[in-house]
């Protein structure tokens, strides 16, 4: 399981701009992993393709009948839901296209088509992600999904999806969070960190600092990632956080070579 962070694969402060070179490098790395005989499932974040508009329209809060806003593109929350879903399909299309270019067979699974409700107990059939073909890469992402109550819709985080897939699909050995801009979990805020501040092994009794862009993020940021990662680790799956700007570190990890990052302990 590999989670491409939204802040890694998009320019998070610019509406719907992808980091194309990083996506290309990640997809090339996935191809190399499959050449080792290892199957890969990809879940990716939203970054600037989802978070900015979702935050502006408060989509993470569900339907708000009294909420009024006009940004020149939407006139209601329901229109914004449609727009964000389209934006996420665009980002997913970029990832899928780059996977095809390296000779893989990606199968996209937009969550608004198969999942509903929110959090780690979201509803949806995960069997669709099972495959015996190493060259087949199932791809899904964080999305706006329907909710079975008066809130109508909400944000299903890619971290919740990747945790459920890691725990419930048979044969999953490792979950890798490919992050943007940091080598792993840090003892101090990223802008203050040196090499000595990297936490190589994390458990709940170890304190850390992470960058959570609350002004634009509509999911739980690094805290949710660590929470779900620990849940996965407790299930017996290896969980690692790696700087996705250096995807060769993922290869080093699976080849049992030296790598830089954080391991979440059970």
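Of note:
- As a summary of the residue check, residue 101 satisfies the conditions (1) in contact (Cβ under 8 Å) with a residue 40 or more places away in the chain; (2) surrounded by 15 or more Cβ atoms within 10 Å (Cβ to Cβ) except for the one numbered (2).
- Only one entry in 227, 243, 238 is under 20 Å from the mean Cα position of the chain (by Cα), at pLDDT 90 or above and either surrounded by fewer than 13 Cβ atoms within 10 Å (Cβ to Cβ) or within 15 Å of residue 160 (Cα to Cα) (or both), namely 227.
- Meeting the requirement of 2 or more residues that are touching a strand residue (DSSP E or B) at 6+ places or on another chain (Cβ under 6 Å) and within 26 Å of residue 56 (Cα to Cα), the strands (runs of 3 or more DSSP E) wholly within the range 123-236 are 136-141, 143-146, 153-156.
- Which numbered condition residue 62 misses (of (1) in contact with a strand residue (DSSP E or B) (Cβ under 9 Å, 6 or more places away or on another chain); (2) over 23 Å from residue 164 (Cα atoms); (3) surrounded by fewer than 18 Cβ atoms within 10 Å (Cβ to Cβ)): (2)
- Put simply, of 188, 206, 176 the only residue that is over 15 Å from residue 120 (Cα atoms) and in contact (Cβ under 8 Å) with a residue 60 or more places away in the chain is 176.
- For the range 15-63, a residue qualifies if it is under 17 Å from residue 176 (Cα atoms) and assigned to a helix (DSSP H, G or I), and the qualifying residues are 22, 23, 25, 26, 27, 28, 29, 30, 31, 32, 33, 34.
- Selection of the range 111-122 for residues being without any contact (Cβ under 8 Å) to a residue 40 or more places away in the chain and farther than 19 Å from residue 57 by Cβ yields 113, 114, 116, 117, 121.
The values are calculated or read from the model by the stated rules, or taken from the named source; none is laboratory data. Bear in mind the structure is a predicted one, so any value in this text is a computation, not a measurement. We place every Cβ from the backbone using ideal geometry, glycine too, and count neighbours over all the protein chains shown.
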